[in-house]
Every structure is written in structure tokens, then in C-alpha cells.
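Accompanying notes for the structure given below.
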Amino acid sequence: MSIRARRLPPEQSRSAALDAARAILLEQGPQAVTLKAVAARVGRTHANLIHHFGSAAELQSALAGHIADRVTSSIGDAVQRARSGATDAREVVDRTFDAFGREGAGALAAWMIVSGDRDALDPILQSLRGLVAELSVGRDEHHVAETTLWLVLAALGDSLLGESIAAALQLPADTARAMAAERIAAALSEG
């Protein structure tokens with residue numbers, strides 16, 4: 001792909017790079033999200049991405065934040081809809097599990113942990129804290145935090161090992177989702 005000379009506004013350039021990084025993550029896995037690969041995808045130079053992100057680790061951290069913001073917004077919307085009776089607990093679970101599975105958040109988080117870059121998880125943790133704060137308005141914050149903790153851990157674990165473990169135990173592939181939906185339904189009914 002040739003490098004385009006046309007300048008983009010900084011936010012548009014960052015956004016295009018994050019979209020490209022997310023596409024690479026979903027297509028090839030977290031190890032493929034490099035400055036070189038993203039630059040090639042968006043038709044920019046490696047130096048251009050260094051200018052916007054500083055390093056591959058900072059690009060990956062920005063990607064984690066980008067995904068986390070999308071995910072927590074989607075989950076928050078689903079929780080509010082479930083609380084109002086417009087949907088059920090399964091939508092909350094499916095959005096959370098899909099975010100960690102199909103959206104790549106689980107693979108990215110695991111890769112950051114294994115590679116020793118735990119600081120890159122900060123955007124994810126900040127988004128989760130924000131989600132808990134938003135969902136706690138008028139509710140018991142401790143209860144919301146505990147529910148969020150086990151749901152995120154279940155979704156993360158399922159994204160990495162769920163299918164294999166369910167198969168080994170001769171259980172349907174969506175058993176973890178079904179169990180989580182039951183627990184979320186109970187949490188929603190508690191208030």
C-alpha cells in the first residue's frame with residue numbers, strides 16, 4: 001500500500017489508526033498489533049504512528065482504552081435497558097462475553113498481562129470503574145462492583161478457555177453465558 005501524503009487532523013488520524021489496530025486484533029490476534037502493521041493498514045508511516053502514540057505499547061494501551069470505552073458503554077446501555085424491563089439479563093451477559101470474545105478484549109488483556117505490560121490495562125480498569133460508578137447511582141455500589149467483577153472475570157475466562165473447557169466437560173458451549181445470565185437476573189431483581 002502506498003503512503004498517502006494528505007494530512008489528517010490528529011484526532012482523525014488517531015481514530016483511523018485505532019480502527020485499523022482493532023481490525024488487525026480481530027483478524028490476526030494481539031501479537032499482530034504493531035506500529036508497522038497499523039501504519040501499513042492506514043497508509044501512513046511508522047514515524048507518523050510514533051508521533052501519535054509514542055510506542056507500540058502506547059498504541060496497544062490506546063486500543064485497550066478504545067475497546068473498553070465501547071464495551072462499557074454497550075454494557076451500561078444493556079444494564080439500564082434490563083433494569084427498565086426493555087430487555088433481559090441475557091443481553092447484558094451476551095454483550096459482555098462478546099466484548100471479551102468476538103471483540104478481542106480478552107485476548108488483548110491476556111496478551112498485555114503475559115507480556116508484562118500491566119500498566120496498559122489502566123484504560124480498561126478506568127472504564128470499568130466508570131461503568132460501576134454510572135450503574136451505582138441509586139444502588140449499592142459494593143453490590144454493583146462485585147457483580148461487575150465476577151461478570152468480567154467470567155467473560156474473560158470464557159473468551160480464553162470457555163469453549164475448550166465446556167467441550168472437555170461435555171457441556172454446551174454457552175453454558176457459562178447461561179449461568180451468568182441467571183446470576184445477572186438475580187442481581188437485577190435485588191435492585
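Name the residue that is farthest from the chain's Cα centre (by Cα), counting only residues in the range 45-73 that are of a type in the set (S, T, N, Q) and surrounded by fewer than 18 Cβ atoms within 10 Å (Cβ to Cβ). Here the answer is T45. Among the residues of the range 31-39, are any within 18 Å of the chain's Cα centre (by Cα), in a helix (DSSP H, G or I) and farther than 30 Å from E190 by Cα? Yes - at least one qualifying residue is present in the range 31-39. Screening L156, L125, L135 for residues that are under 11 Å from the mean Cα position of the chain (by Cα) and at pLDDT below 90 leaves exactly one candidate, L125. So, A167, is that one of a type outside the set (D, E, K, R), farther than 29 Å from A20 by Cβ and surrounded by fewer than 20 Cβ atoms within 10 Å (Cβ to Cβ) or not? The answer is yes for A167. Annotation for the range 108-115: at least one member residue is in a helix (DSSP H, G or I) and either more than 18 Å from P30 (Cα to Cα) or small (G, A, S) (or both). With a requirement of 1 or more residues that are more than 22 Å from D88 (Cβ to Cβ), in the same structural domain as V93 (by TED's automatic domain parsing) and not polar (S, T, N, Q), the helices (runs of 4 or more DSSP H) lying completely within the range 136-191 that satisfy it span 141-157, 163-168. Among the residues here, D119 qualifies as at pLDDT below 85 and either part of a helix (DSSP H, G or I) or farther than 18 Å from G65 by Cα (or both).
Take the range 89-102 and flag every residue that is in contact with a helix residue (DSSP H, G or I) (Cβ under 6 Å, 6 or more places away or on another chain) and charged (D, E, K, R).
Those that are in contact with a helix residue (DSSP H, G or I) (Cβ under 6 Å, 6 or more places away or on another chain) and charged (D, E, K, R): R90, E91, R95.
Going through (1) in contact with a Phe, Trp or Tyr (Cβ under 6 Å, 6 or more places away or on another chain); (2) in contact (Cβ under 8 Å) with a residue 60 or more places away in the chain one by one, D122 falls short only on (1). Looking across the range 40-53, the residues that are in a helix (DSSP H, G or I) and under 16 Å from Q12 (Cβ atoms) come down to R41, V42, N48, L49, H51, H52, F53. Within the range 81-105, the set of residues being in contact (Cβ under 8 Å) with a residue 40 or more places away in the chain and part of a helix (DSSP H, G or I) comprises A82, R83, A89, R90, V92, V93, D94, T96, F97, A99, F100, A105.
The values are calculated or read from the model by the stated rules, or taken from the named source; none is laboratory data. Just so we're clear, the structure is a prediction, and the values are computed from it rather than from any experiment. Cβ atoms come from the backbone with ideal geometry, glycine included; neighbour counts cover every protein chain shown.
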